[in-house]
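Colleague: One structure coming up, written as structure tokens, with questions to follow.
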Amino acid sequence: MQQAAERKYQKLCRLTNRLRDQLRLQTIPVSKAACSLVNYTISVKDPLLPSVWGPIEKRDNPYAATNSKCSCNIM
């Protein structure tokens, strides 16, 4: 019986320590995080967001297909 109580106590101690660690984490409000994400999306040009930036030139798009004669890729 004492071993079960000891295991339960150790489990509660681990849980308490995890909760204390979470309390130490820096947090920000969701509204501030969302605003930061929107500002980043607006300020950084991304070829995968044509609705924000409009169509881009194929030469500027790193994701555009290339017209190479070689069909093999070396990884």
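Colleague: Identify all residues within the range 1-38 that are modelled with pLDDT under 95, among the polar types (S, T, N, Q) and over 26 Å from the mean Cα position of the chain (by Cα); write none if there are none.
Modeller: Gln2, Gln3 - these are the residues of the range 1-38 that are modelled with pLDDT under 95, among the polar types (S, T, N, Q) and over 26 Å from the mean Cα position of the chain (by Cα).
Colleague: Does any residue in the range 32-46 that is over 23 Å from Asn61 (Cβ atoms) come within less than 9 Å, Cβ to Cβ, of a residue that is modelled with pLDDT of 85 or more six or more places away or on a different chain, and which pairs are these?
Modeller: Listed by first residue and then by second, the contacts come to Ser36/Ile28.
Colleague: Collect the residues in the range 35-51 that are assigned to a helix (DSSP H, G or I) and exposed (fewer than 11 other Cβ atoms within 10 Å of the Cβ), keeping them in residue-number order.
Modeller: Across the range 35-51, the qualifying residues are Leu37, Val38, Asn39, Tyr40, Ser43, Ser51.
Colleague: Follow-up question, since we're still on this one. What number of residues within the range 2-27 satisfy the criterion of being among the β-branched types (Val, Ile, Thr) and surrounded by 10 or more Cβ atoms within 10 Å (Cβ to Cβ)?
Modeller: Qualifying residue count, the range 2-27: 1.
The values are calculated or read from the model by the stated rules, or taken from the named source; none is laboratory data. Fair warning: this is a prediction, and the values are worked out from it, not measured in the lab. Positions of Cβ are generated from backbone atoms using ideal geometry, with glycine treated the same way; all protein chains shown enter the neighbour counts.
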